[in-house]
Amino acid sequence: MIDLTGVIDPREALEAVAGAATEQHTEQENAPANAMAELLEMAQAGDAPAFWRALKTKTDLLRPIMDDDPAEYQAWRAEIKGACSKINIQSLDGFISPSGGDGGEVSSAATELADLAASRCELWHDTENNAYATINGDEHREHWRIDSTGFKDWLSWLAHRELQSAPSAETIKATCNALAGQGKFDGEEHEPRRRVAKDEAGYWLDFGDNLWRAILITPTGWRVMNKPPVRLIRTKATRPLPEPVSGGSVDALWNLVNVPEQERLLVLTWVIECFRPDTPFALLELTGEQGAAKSSAQRIFRRFIDPNQVELRGKPKTVEDIFVGAANAHLLSYENLSGLSNDQSDALCTCCTGGGYAARQLYTNGEESILTVHCPVVLNGISPVVLRPDLLDRAVSVTLPEIARRKTDTEVREATEAAAPAIMGALLELFSNALAILPSVTMPPDRRPRMADFAMLGEAIARTQGYPEGHFLNLYDEHRRTAIGRTIDASPVATAMVEYVSRGNAYTGTVKGLLTELSATKPDHERDDYWPRTPRGLGDAIRRYSPALRQLGIKATVEQKSRRDGIHCELARQDTDYSRQHPGSGKPPSQRSHVHRDEDVTVDGEV
């Protein structure tokens, strides 16, 4: 008898094979859903880096869902967006299917190019989570924003050289999306700088050439460096500085620009201050009659600070134009201005001091696009356009004289190119010498102007030029007093306050009472648009012009808290040494000012 124990029934074997096949088929069918569930769980946990790493292995599973079941994909996409705000949904779409579902060729090419690019560069991000790439070459290192034209050009070159292909615009876009995700979530955080930077070694100035060199300036000297440690980024409009040589003199600069001799130290300080990114920048305003070579001087100054493809720009149409320009260049340069609106003036203040601008990124969402700016400003016009006190306090305004002996543009250009290397070297030498002296420069706190860092640097530069101690501060104070005069002239109410005090009057009482006093002598031709209509408007004007009036020896103050009868103010003569002595005390009776007090004035029943 034959023992059939252990012999498998053919029918059972067939059923087992069918069951395994069914189970395997079920697993394959469920794989996309499992992948979506796994990724959603990571998003809900807030682990964006793990999400992007896991996504690399699941794009092939998710792409059919996007193509064949777009409704399900959009529902999952919305869940991801709601679960983790750190995950950029647009980058997610581009990562899964760069072509939007038209085929896998673009996705394959983008993946291959992204992997190749990631092996050739370092991906990183800044504090605002913008993605950058550092391209490591044999002789130099380049730093680009991943969404910049310069980086996209490099990707095209890389694909042509290494992959023998010409990538499409969609492939480049998808590659940038993938690299940006890696830079934002996997890369380290660094601080990008534009044209100028500072670290523990000293100050750095981007040369702007194809070798990506930079100039290191310290109190002991300057030198050109390859592969600088700071991350200096550029745009396609960046142009190189002159190749500096030692042994030159800054005096050669004045043979090229029509700047009065008494203003040259101020202008020279402004140029050197443009090399320091760690202090507030000043604004340089060039004015003068038609043909005074204002634009020519502006071009030449820019040649030694931040050469650019577009050296001079016309008047900005919007405030946003100012911030976009400031975010893409180190020096903001405008020509032929006839006026500035209040908003434009405030924007230029922000550029000089440093700040940000936020705008809605897209009309389809509520996200903001942030522009961080900090840069020097230079502008010119026939008449002064810097009139608001807050901007004027940051400005160096120079009036260029009439030109007696005119040169052709060709002569000026040839002379500039010939002298530029020596002038560049002289400016760097002057900056280095000023840095060596700067720690020893002291300035009494009560004499420090608003641009105190600018004044301290100017004092150091003046000493290197052989001037005595305090020379620059005296020059700067006189310059500011002269500029304040035009600010006062531009405001009818400020002019009225000056005239009121100059007639020997002084006032202490309510703002409403002072408005009545000043309105009594308002010229009939003065438009009401430029005259405060309410006590609140006059109070705002007093606060705005108080620093300028103080420079003219006039005390104008407004109390912060309201009394029973309203907000009080004071308008009176003040000694230039800012003495606390009352304006009328200590003088003979015949020389004392007439003081209006609360008991002197009654307006509409208000004391």
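Here are the numbers:
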{"read-out": "Cβ-based net charge around Leu62, under 14 Å, with every Lys or Arg adding one and every Asp or Glu removing one", "value": "-4"}
{"read-out": "For segment 412-548, alpha-carbon Rg over 2.2 N^0.38 Å", "value": "1.57"}
{"read-out": "Estimated FRET transfer efficiency (Ile403, Arg481; beta-carbon r; R0 45 Å; 0.05)", "value": "0.95"}
{"read-out": "Pair Ser369, Ala37: separation of 7 Å Cα→Cβ label points (nm)", "value": "4.1 nm"}
{"read-out": "For segment 252-320: rounded, prolate or oblate by the Cα gyration tensor [a/c cutoff 1.5]", "value": "oblate"}
{"read-out": "Leu211-Glu72 FRET efficiency (beta carbon distance; Förster radius 56 Å; 0.05 resolution)", "value": "0.60"}
{"read-out": "Antiparallel bridges, percent of DSSP beta bridges restricted to the chain (to nearest 5)", "value": "65 percent"}
{"read-out": "Sulfur and carbon atoms: percent of accessible area, the chain [1.4 Å]", "value": "48 percent"}
{"read-out": "Amide H within-cut-off set for Tyr334, under 5 Å, with H built and near neighbours excluded", "value": "Arg313, Val378, Leu379, Asn380"}
{"read-out": "Between segment 424-477 and segment 120-135, the Cα center-to-center distance that results, in Å", "value": "38 Å"}
{"read-out": "Under the Debye formula (equal points on every Cα, no solvent term), log10 I(q)/I(0) of segment 122-257 at q = 0.17 Å⁻¹", "value": "-0.97"}
{"read-out": "Net dipole in debye of segment 348-506 [+1 Lys, Arg Cβ; -1 Asp, Glu Cβ; about Cα centre; nearest 20]", "value": "320 debye"}
{"read-out": "Local electrostatic count, Thr127, Cβ distance below 11 Å [Lys/Arg +1, Asp/Glu -1]", "value": "-4"}
{"read-out": "Cα→Cβ-extended label distance, 7 Å offset, between Glu469 and Thr521, nm", "value": "4.3 nm"}
{"read-out": "Coordinate range along principal axes, alpha carbons of segment 285-328, Å, largest first", "value": "31, 23, 16"}
{"read-out": "Gained length - Thr149 relative to Arg533, 0.36 nm times residue gap less alpha-carbon distance", "value": "133.0 nm"}
{"read-out": "Spin-label pair Asp60/Arg223, simplified geometry with 7 Å Cα→Cβ offset, distance in nm", "value": "5.4 nm"}
{"read-out": "For segment 125-139, 3J(HN,Hα) per residue [Karplus equation, 6.51 cos²θ - 1.76 cosθ + 1.60, θ = phi - 60°, Hz, x = Gly/Pro]", "value": "8, 9, 5, 8, 6, 7, 8, 9, 9, 9, 8, 8, x, 5, 10"}
{"read-out": "Prolate/oblate/rounded label for the chain (Cα gyration tensor, a/c 1.5)", "value": "prolate"}
{"read-out": "Segment Ser246-Arg550, extension gain: residue separation times 0.36 nm, minus the distance between their alpha carbons", "value": "104.9 nm"}
{"read-out": "Per residue solvent-accessible surface (Å²) - the chain, probe of 1.4 Å", "value": "51 Å²"}
{"read-out": "Cα gyration tensor shape for segment 343-497, rounded if a/c is under 1.5, else prolate or oblate", "value": "rounded"}
{"read-out": "Karplus-derived 3J(HN,Hα), 6.51/-1.76/1.60, for each residue of segment 468-485, Hz, glycine and proline x", "value": "x, 4, x, 5, 5, 4, 4, 5, 5, 4, 5, 4, 5, 5, 5, 5, 5, x"}
{"read-out": "Residues of type lysines that Lys173 reaches as a straight line, Cα spacing below 16 Å, ignoring anything fewer than 8 places off in the same chain", "value": "Lys152"}
{"read-out": "Estimated 222 nm signal from helices in the chain, with DSSP H stretches of n ≥ 4 weighted -39500 (n - 2.57), rounded to 500", "value": "-14000 deg cm²/dmol"}
{"read-out": "Range of Cα positions in segment 31-79 per principal axis (Å), largest first", "value": "28, 20, 14"}
{"read-out": "Computed E for Asn255/Asn30 - FRET, C-beta separation, R0 56 angstrom, nearest 0.05", "value": "0.10"}
{"read-out": "Lys, Arg +1 and Asp, Glu -1 on Cβ, resulting dipole of segment 433-574 about Cα centre, debye, nearest 20", "value": "360 debye"}
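The values are calculated or read from the model by the stated rules, or taken from the named source; none is laboratory data. Just so it is clear, the structure is predicted and the values come from calculations on it, not from any experiment. Quick reminder, even Gly has a Cβ in these numbers, built from the backbone with ideal geometry, and neighbours come from all protein chains shown. Keep in mind that these areas ignore ligands, DNA and RNA; they rest on the heavy atoms of the full protein, side chains included. Shrake-Rupley method; radii C 1.70, N 1.55, O 1.52, S 1.80 Å.
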